[in-house]
1. Can you tell me which residue is nearest to residue 92 (Cα to Cα) among those in the range 27-50 that are in contact with a strand residue (DSSP E or B) (Cβ under 9 Å, 6 or more places away or on another chain) and crowded, with 18+ Cβ neighbours inside 10 Å?
2. So which of 62, 58, 53 is in contact (Cβ under 8 Å) with a residue 12 or more places away in the chain and either surrounded by 14 or more Cβ atoms within 10 Å (Cβ to Cβ) or over 17 Å from residue 103 (Cα atoms) (or both)?
3. Quick check on residue 102: is it in a helix (DSSP H, G or I) and farther than 21 Å from residue 34 by Cβ?
4. Taking only the range 20-50 into account, find how many residues are over 15 Å from the mean Cα position of the chain (by Cα), in contact (Cβ under 8 Å) with a residue 24 or more places away in the chain and under 20 Å from residue 102 (Cβ atoms).
5. Does residue 95 satisfy the criteria of being surrounded by 11 or more Cβ atoms within 10 Å (Cβ to Cβ) and touching a strand residue (DSSP E or B) at 6+ places or on another chain (Cβ under 8 Å)?
6. Looking at the structure I just gave you, is residue 81 under 15 Å from residue 16 (Cβ atoms), modelled with pLDDT of 95 or more and in contact with a helix residue (DSSP H, G or I) (Cβ under 8 Å, 6 or more places away or on another chain)?
7. Give me the pairs, please: first residue somewhere in the range 88-111 and modelled with pLDDT of 95 or more, second residue anywhere and assigned to a helix (DSSP H, G or I) and surrounded by fewer than 16 Cβ atoms within 10 Å (Cβ to Cβ), beta-carbon distance under 7 Å, and either six or more positions apart or on two chains.
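The values are calculated or read from the model by the stated rules, or taken from the named source; none is laboratory data. In this text the structure is predicted, and so the values were computed from the model without any measurement. Please note: Cβ atoms are built from the backbone with ideal geometry, for glycine as well, and neighbour counts cover all protein chains shown.
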C-alpha cells in the first residue's frame, strides 16, 4: 500500500514540528501552519523535481552505494526552505542533511507500519 499524497504531507508536517522542537539549533519552523505548508511544498518538489534529480545523479548514487540519495533529499529540503522564505529554514546544509537522514528513517518506519495494516 502506497501512502497517498495528503497522508505524506500530514506525516511530514508533524515530523517538521517534532524535529523543530527537538533540533531547534538546526531547523527553524515559525509555526504549525508553516510546517504543513513546508510539507506540502516538499511533497510537490518530491513529485515533480526529485525524479529528475535521481536520474541526473544516478552515476554518483550508484558509486556511493545509494548514500548520495540522502544528499538529494537534503537539497530538496533546502529548496523547500528557499520557497518558504524565512519561515522555514535550516542553519546549514549539514543540518538539512541530518534532518534528511532522520526523515528517511521515519518515513521508512511509517510506510512499513501502514503497509502491514
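1. First, pick out the residues of the range 27-50 that are in contact with a strand residue (DSSP E or B) (Cβ under 9 Å, 6 or more places away or on another chain): 27-30, 34-35, 37-38, 41.
Imposing the further condition that a residue be crowded, with 18+ Cβ neighbours inside 10 Å reduces the set to 27, 29, 34-35, 37-38, 41.
Working: 27: 9, 29: 14, 34: 19, 35: 18, 37: 21, 38: 17, 41: 20 Å.
Here the answer is 27.
2. On the way: 62 fails: in contact (Cβ under 8 Å) with a residue 12 or more places away in the chain; 58 fails: in contact (Cβ under 8 Å) with a residue 12 or more places away in the chain.
So the residue among 62, 58, 53 that is in contact (Cβ under 8 Å) with a residue 12 or more places away in the chain and either surrounded by 14 or more Cβ atoms within 10 Å (Cβ to Cβ) or over 17 Å from residue 103 (Cα atoms) (or both) is 53.
3. no
4. 1
5. Values: surrounded by 11 or more Cβ atoms within 10 Å (Cβ to Cβ): yes; touching a strand residue (DSSP E or B) at 6+ places or on another chain (Cβ under 8 Å): yes.
Answer is yes for this residue.
6. On the way: under 15 Å from residue 16 (Cβ atoms): yes; modelled with pLDDT of 95 or more: yes; in contact with a helix residue (DSSP H, G or I) (Cβ under 8 Å, 6 or more places away or on another chain): yes.
Against the criterion (under 15 Å from residue 16 (Cβ atoms), modelled with pLDDT of 95 or more and in contact with a helix residue (DSSP H, G or I) (Cβ under 8 Å, 6 or more places away or on another chain)), residue 81 qualifies.
7. Between residues of the range 88-111 that are modelled with pLDDT of 95 or more and residues that are assigned to a helix (DSSP H, G or I) and surrounded by fewer than 16 Cβ atoms within 10 Å (Cβ to Cβ), there is no close pair.
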